[in-house]
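Asker: Please find one structure pasted underneath; my questions will follow.
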Amino acid sequence: MINRDRLAATFKTLAEIDSTSKSENAVASEIVKITSEIGAETYIDDSASVTGSDTGNHIIKYKGNIKTEPILLSAHLDTVEPGKGIKAILKDGVFTSDGTTILGADDKSAIAIILETLSVVHENNLPCGPIELVLTTCEEIGLVGAKNLDFSLINAKYGYVLDTADTEGIVIQAPAANQLEYNIYGKDAHAGAFPEEGINAITLVSKAIAGLTIGRIDHETTCNIGIINGGVATNIVPGFVSVKGEARSHNLEKLNKVTEEITSSFRNVIESYIRTYPGNGVPRLEVNIKNDFPFTNIPVDHLIVKIAQKAAANLNKQMFCQQSGGGSDANIFFSKGIITGVLGTGMKDMHSVRESIRLDDMITMVELLLEILKLHSLERNI
């Protein structure tokens, strides 16, 4: 039933349409052409007014032929750079780019898999409940599309995002994350003539960071300082430095604790300097902390886990429950009450010019989705 050549052609077509973040309209339009041929209805939310994309999130609804609760399937439309002028090359059963760009298997392999699944279901009148296909914009720049998705357009209470690598795993745990920004104001001065009149913001930052544990804190928690900007010239005592980082944890108490520890390290350095050299009004610290995304924690006995594992078993395959260190649109869906596991497509070396995917892995995932949809239509028996 699965049309291997069609799947390959669909992926190649999608991959070669430029769709870096905020420029997803062209690829979305191509997808709608395909889904409209099988009678699916498309709804586009108004998130573009917030995200800055040239289109909104697409919610595509396929009625199916079994009366049951709808199931959500989701992928994101955008890719990272270098993602313009992609040439998708199929050789020996493996898709790659020409080496000058990414391939875009993240996440167009997922879209091609879902489209082939829907085509097979429709052509063969396979048992299938209602499907809500949610295609988000701007995922690669902070899950921005999902964060601004019009959830009133979605009725599904559970489903799957296809946006990871392992075809034998379902991600049911993912961390929450905080974005951290610290702006340190010192005092500029001529570094050769009057260095004692300056307050070196870089020196203050270095002391604050030196007091931190960076990287893996424990099996649930990580933190990182990723961006430092400051200084104008070598002969000027730097009067300003901006530091950006993040903290992640599967445990909200630990997330708050490590966030406070990092903030306290910066605050303590500034306060120590002021105690030593009072009266200048500087140095000064500005702190901006923003929740980047909430956590996901799905019970191992939830219906979506049981369906995925039974579907895999029916195909003589395995499906392991997994914990991820990264976030995805599934985190946002989970926070809105839509229980969403993350399935893999087989993509490798994502976000690099070495990115690749095996056509056989995409075939495997179409088989799995077909089995999932069949079991979903009979979910009372799971």
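The values are calculated or read from the model by the stated rules, or taken from the named source; none is laboratory data. The structure displayed is predicted, hence computed values, not measured ones. Cβ: placed from backbone, ideal geometry, glycine included. Neighbour counts: every protein chain shown.
Each row is one residue, and each column tells you yes or no for (1) surrounded by 23 or more Cβ atoms within 10 Å (Cβ to Cβ); (2) not assigned by TED's automatic domain parsing to the domain that holds G99.
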{"residue": "L285", "(1), (2)": "no, yes"}
{"residue": "A311", "(1), (2)": "no, no"}
{"residue": "G326", "(1), (2)": "no, no"}
{"residue": "D329", "(1), (2)": "yes, no"}
{"residue": "F333", "(1), (2)": "yes, no"}
{"residue": "K348", "(1), (2)": "no, no"}
{"residue": "V353", "(1), (2)": "no, no"}
{"residue": "I357", "(1), (2)": "yes, no"}
{"residue": "T364", "(1), (2)": "no, no"}
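Asker: Restricting to the stretch 327-341, give me the number of residues that are more than 9 Å from the chain's Cα centre (by Cα), on the phi < 0 side of the Ramachandran plot and not hydrophobic (A, V, I, L, M, F, W, C).
Answerer: Qualifying residue count, the stretch 327-341: 4.
Asker: From L126, L118, grab the single residue that is at pLDDT 95 or above, closer than 14 Å to L373 by Cβ and surrounded by fewer than 20 Cβ atoms within 10 Å (Cβ to Cβ).
Answerer: Selected residue: L126, the only one of L126, L118 that is at pLDDT 95 or above, closer than 14 Å to L373 by Cβ and surrounded by fewer than 20 Cβ atoms within 10 Å (Cβ to Cβ).
Asker: Kindly provide the set of residues from the stretch 76-99 that are part of a strand (DSSP E or B) and under 15 Å from M350 (Cα atoms), ordered by number.
Answerer: H76, T79, V94, F95, T96
Asker: Keeping to the stretch 53-75, report how many residues are of a type in the set (G, A, S), in a loop (DSSP other than H, G, I, E, B) and under 20 Å from E116 (Cβ atoms).
Answerer: Selection size over the stretch 53-75: 1.
Asker: So which of G159, G211 ends up being out of contact with any Cys (no Cβ under 6 Å at 6 or more places or on another chain) and more than 22 Å from G327 (Cβ to Cβ)?
Answerer: Of the residues listed, the single one that is out of contact with any Cys (no Cβ under 6 Å at 6 or more places or on another chain) and more than 22 Å from G327 (Cβ to Cβ) is G211.
Asker: Which is of a type outside the set (S, T, N, Q), within 25 Å of I184 (Cβ to Cβ) and in a strand (DSSP E or B), of E246, E261?
Answerer: Residue meeting the stated conditions: E246.
Asker: Also, quick follow-up: Among residues belonging to the stretch 340-373 that are of a type in the set (S, T, N, Q) and outside any strand (DSSP E or B), point out the one that is farthest from P127 (Cα to Cα).
Answerer: S352
Asker: Given the structure, is G129 under 28 Å from G56 (Cβ atoms) and not in a strand (DSSP E or B)?
Answerer: yes
Asker: Something else about it: Is it the case that some residue within the stretch 162-171 is of a type in the set (D, E, K, R), crowded, with 24+ Cβ neighbours inside 10 Å and assigned to a strand (DSSP E or B)?
Answerer: Checked the stretch 162-171: at least one residue is of a type in the set (D, E, K, R), crowded, with 24+ Cβ neighbours inside 10 Å and assigned to a strand (DSSP E or B).
Asker: Pull up the stretch 1-60, narrow it to residues that are of a type in the set (K, R) and under 19 Å from G83 (Cα atoms), then point me to the one that is surrounded by the fewest Cβ atoms within 10 Å (Cβ to Cβ).
Answerer: The selected residue is K12.
Asker: Look through the stretch 172-190, keep the residues that are part of a loop (DSSP other than H, G, I, E, B) and more than 18 Å from the chain's Cα centre (by Cα), and return whichever of them is surrounded by the most Cβ atoms within 10 Å (Cβ to Cβ).
Answerer: This residue is G186.
Asker: For residues that are within 18 Å of L303 (Cα to Cα) and small (G, A, S), scanning just the stretch 336-382, find the one that is modelled with the lowest pLDDT.
Answerer: Of everything passing the filter in the stretch 336-382, S377 is modelled with the lowest pLDDT.
Asker: Pick from I307, I332: which is assigned to a helix (DSSP H, G or I), touching a His at 6+ places or on another chain (Cβ under 7 Å) and modelled with pLDDT of 95 or more?
Answerer: Checking each option against the conditions leaves just I307.
Asker: Evaluate the following for G198: is it modelled with pLDDT under 95 and within 22 Å of N268 (Cβ to Cβ)?
Answerer: yes
Asker: Which pairs have Cβ atoms under 6 Å, sit 6 or more apart or on different chains, and link a residue in the stretch 87-104 that is assigned by TED's automatic domain parsing to the domain that holds R358 and surrounded by 15 or more Cβ atoms within 10 Å (Cβ to Cβ) to one that is of a type in the set (D, E, K, R) and not in a strand (DSSP E or B)?
Answerer: A88/K12; A88/E16; I102/E355; L103/E355
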